[in-house]
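The values are calculated or read from the model by the stated rules, or taken from the named source; none is laboratory data. Because the structure is predicted, anything quoted here is derived from the model rather than measured. Note that we place each Cβ from the backbone using ideal geometry, even for glycine, and neighbour counts take in every protein chain shown.
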């Protein structure tokens, strides 16, 4: 799961945006987080200004570029969410495949027992006919 975290610098008052992603550590099976720096948040325009854009803010102050930046963040968040859904589905698929293998093994055992019992019954009926 992914979401945006805003942190305010107490010294200079700047607000920084980070994308925080949660995942489960495969070894410890505990949830973990990673943060990726996105840029500085501009409260006047309500947008995130990427580091490369800040140096050229006067040149690149067009709404198209800000919208593009926001769209990029939105798409990255969407992709991260989809990746997490795919990972969960793969885990569920692996578990179901394990259950299917177990059921097939149980069916084979039942077939073996059934064949053994039916062959014993046939032998007993043949012996009773012979006597």
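Answer yes if at least one residue in segment 117-125 is within 30 Å of residue 23 (Cβ to Cβ) and surrounded by 10 or more Cβ atoms within 10 Å (Cβ to Cβ), and no otherwise. For segment 117-125, residues within 30 Å of residue 23 (Cβ to Cβ) and surrounded by 10 or more Cβ atoms within 10 Å (Cβ to Cβ): absent.
Do the conditions hold for residue 77, that is, is it closer than 30 Å to residue 48 by Cα, in contact (Cβ under 8 Å) with a residue 12 or more places away in the chain and assigned to a helix (DSSP H, G or I)? In short, yes. Residue under question is residue 87, and the condition is that it be out of contact with any helix residue (DSSP H, G or I) (no Cβ under 7 Å at 6 or more places or on another chain) and at pLDDT below 90; does it hold? No, not satisfied. What are the residues in segment 1-10 that are in contact (Cβ under 8 Å) with a residue 24 or more places away in the chain and assigned to a strand (DSSP E or B), if any? Once the filter is applied, which keeps residues that are in contact (Cβ under 8 Å) with a residue 24 or more places away in the chain and assigned to a strand (DSSP E or B), segment 1-10 yields 2, 3, 4, 5, 6.
Within segment 11-52, the set of residues being part of a loop (DSSP other than H, G, I, E, B), surrounded by fewer than 17 Cβ atoms within 10 Å (Cβ to Cβ) and under 28 Å from the mean Cα position of the chain (by Cα) comprises 25, 26, 27, 28, 29, 30.
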